[in-house]
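Report on the following structure.
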Amino acid sequence: MSADPHLPGATHSAGPTTGRLSRVAGYFLAVAVHLLAPAFLVTGVYLISRLSIGGILFGLIALDLAWLTRPRTATFPASAVRLTRSDAPHLYALVDRIGAELGAPRTDLIAISGEVDASFSAYGRRRTHLLEIGYPLWLILAPQERVALLAHELAHSRNGDARHGLVVGSALYSLYVLRVTTSFVWRPGDGLPALVTDCVLAVVGLPVRALLLLLELLLHRSSQHAEYRADELQAQVAGTAAVVSLLDVLTTRTPAVGDFLTSDAVAVGTGDLWTAMRSHVDSVPDAELARHRESARAEKTRIDTTHPPTYLRIQRVLALPHMEPAVSFAGMEQIDDELDKAAGRVARNLREDVQSALYSRRH
């Protein structure tokens with residue numbers, strides 16, 4: 001029986017070479033994306049300098065494209081709440097311990113958001129290292145699962161993931177922003193000028209989407225490898241049991257969190273949002289959790305995302321030598337107290353977002 005290339009321990013003779021070639025091609029494409037802005041700028045200036053009607057018209061369009069395609073660095077998440085070291089000393093102490101164990105860069109800032117996720121990234125011109133913790137996810141995790149979550153995100157800063165690098169990461173971010181900018185969002189009642197503008201933007205956005213798709217495909221293999229490597233590193237820090245348990249939560253319980261946070265109950269509810277969310281998640285029957293696990297097994301053939309199927313990630317971690325936690329943290333109550341004020345602000349932001357979306361649907 002031939003080995004499944006997705007399973008732990010499987011090998012593929014062309015895999016490493018193909019992965020390296022794709023990674024190099026991804027870097028070249030990212031550089032090409034960054035060269036678009038100066039190319040459009042030079043073209044625009046040249047066309048305008050010809051002082052013809054057509055030249056000025058197309059020159060202005062080229063200058064507009066130069067502005068749209070300018071290199072961008074990620075910005076601080078708009079709806080996230082900053083936590084300084086004085087705001088959350090115990091949380092920073094835990095993150096610093098995990099970072100030291102991993103050999104990861106020092107975390108400059110921690111933010112709490114309403115995402116059912118977590119991430120480690122660099123934003124701004126100074127490349128400030130930001131750890132963003134999605135409070136809805138944090139809330140449903142056990143203490144050691146939280147350690148595993150933090151370790152996984154910090155591991156991405158040192159596992160060779162091109163997406164977290166300056167060249168590729170900023171190119172991806174620029175393309176993501178362009179995709180949003182050129183999206184067709186016209187609705188009946190917006191008027192004819194808005195319709196024409198959105199149609200033009202949608203046409204301009206076609207090559208943007210093609211570039212983004214191509215770059216994602218080129219980075220696919222290296223991104224999946226980086227994800228497996230981050231799982232391995234987090235197991236060394238948080239222990240095998242915590243990593244497997246965390247991945248199971250991501251499979252079974254986060255769908256209920258997402259369903260709750262997008263429901264009308266969030267918009268019209270008057271009680272504590274987080275208590276209601278915990279009650280909703282805790283009420284999910286065991287049969288539903290088992291169904292999610294079975295669905296995860298069917299994900300083995302999925303190849304169109306940056307993350308490998310969670311079921312295969314669990315298999316891979318279990319195939320490693322069993323590891324005990326290098327970092328454990330029993331004082332989560334102190335961290336919860338530090339997050340309490342920020343959690344209230346995140347809850348208000350979530351309610352406002354859902355209320356706004358509900359109003360838009362009704363009008």
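The values are calculated or read from the model by the stated rules, or taken from the named source; none is laboratory data. Model, not experiment: these values are computed from the prediction. So basically every Cβ, Gly included, is an ideal-geometry build from the backbone, and we count neighbours across all protein chains shown. For the accessible areas, the whole protein counts, side chains as well, though only heavy atoms, and no ligand, DNA or RNA atoms are used. Shrake-Rupley method; radii C 1.70, N 1.55, O 1.52, S 1.80 Å.
Here are some notes:
- Identity of the residue in the range 51-79, in contact with a Gly (Cβ under 8 Å, 6 or more places away or on another chain), assigned to a loop (DSSP other than H, G, I, E, B) and not polar (S, T, N, Q), that ends up modelled with the lowest pLDDT: 74
- Residue count for the range 249-285, restricted to those that are without any contact (Cβ under 8 Å) to a residue 24 or more places away in the chain, surrounded by fewer than 19 Cβ atoms within 10 Å (Cβ to Cβ) and part of a helix (DSSP H, G or I): 7
- Condition check for residue 313: touching a residue at least 24 places away in the same chain (Cβ under 8 Å), open to solvent by 40 Å² or more (accessible area, probe 1.4 Å), over 13 Å from residue 239 (Cα atoms) and not in a loop (DSSP other than H, G, I, E, B): no
- Residue pairs whose Cβ atoms lie under 8 Å apart, sitting 6 or more positions apart in sequence or on different chains, and linking a residue in the range 55-79 that is free of Cβ contacts under 8 Å to residues at least 60 places away in the same chain and open to solvent by 40 Å² or more (accessible area, probe 1.4 Å) to a partner that is among the aromatic types (Phe, Trp, Tyr) and in a helix (DSSP H, G or I), are 63/40.
- Filter result for the condition that a residue is in a helix (DSSP H, G or I) and over 19 Å from the mean Cα position of the chain (by Cα), over 97, 146, 125: 97
- Hits in the range 83-102 - residues which are in contact (Cβ under 8 Å) with a residue 12 or more places away in the chain, open to solvent by 20 Å² or more (accessible area, probe 1.4 Å) and touching a helix residue (DSSP H, G or I) at 6+ places or on another chain (Cβ under 8 Å): 87, 89, 90, 101
- When residue 105 is tested against the conditions (1) part of a helix (DSSP H, G or I); (2) in contact with a Gly (Cβ under 9 Å, 6 or more places away or on another chain); (3) open to solvent by 20 Å² or more (accessible area, probe 1.4 Å), the lone failure is (1).
The rows are residues; the columns are (1) hydrophobic (A, V, I, L, M, F, W, C); (2) farther than 19 Å from residue 323 by Cβ.
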{"site": "216", "(1), (2)": "no, yes"}
{"site": "239", "(1), (2)": "no, no"}
{"site": "257", "(1), (2)": "yes, yes"}
{"site": "272", "(1), (2)": "no, yes"}
{"site": "279", "(1), (2)": "no, yes"}
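- Restricting attention to the range 188-204, the residues that are assigned to a loop (DSSP other than H, G, I, E, B) and surrounded by 12 or more Cβ atoms within 10 Å (Cβ to Cβ) total 1.
- Taken residue by residue, the range 130-148 has no member that is over 22 Å from residue 243 (Cα atoms) and open to solvent by 10 Å² or more (accessible area, probe 1.4 Å).
- Test result for residue 183, assigned to a loop (DSSP other than H, G, I, E, B), hydroxyl-bearing (Ser, Thr, Tyr) and open to solvent by less than 40 Å² (accessible area, probe 1.4 Å): yes
- The set of residues from the range 317-342 being surrounded by fewer than 20 Cβ atoms within 10 Å (Cβ to Cβ) and either polar (S, T, N, Q) or assigned to a helix (DSSP H, G or I) (or both) comprises 318, 319, 328, 332, 333, 334, 336, 337, 338, 340, 341.
- Contact annotation: no residue pair with Cβ atoms under 8 Å, 6 or more positions apart or on different chains, pairs a residue in the range 286-300 that is surrounded by 13 or more Cβ atoms within 10 Å (Cβ to Cβ) and aromatic (Phe, Trp, Tyr) with a partner that is part of a helix (DSSP H, G or I) and modelled with pLDDT of 90 or more.
- Members of the range 221-247 found to be open to solvent by 40 Å² or more (accessible area, probe 1.4 Å) and not small (Gly, Ala, Ser), listed by number: 221, 225, 229, 232, 236
- No other residue among 157, 170, 113 is open to solvent by less than 20 Å² (accessible area, probe 1.4 Å), under 24 Å from residue 28 (Cα atoms) and among the hydroxyl-bearing types (Ser, Thr, Tyr) apart from 170.
- Among the residues of the range 39-52, those that are open to solvent by 60 Å² or more (accessible area, probe 1.4 Å) and under 39 Å from the mean Cα position of the chain (by Cα) comprise 40, 41, 42, 43, 45.
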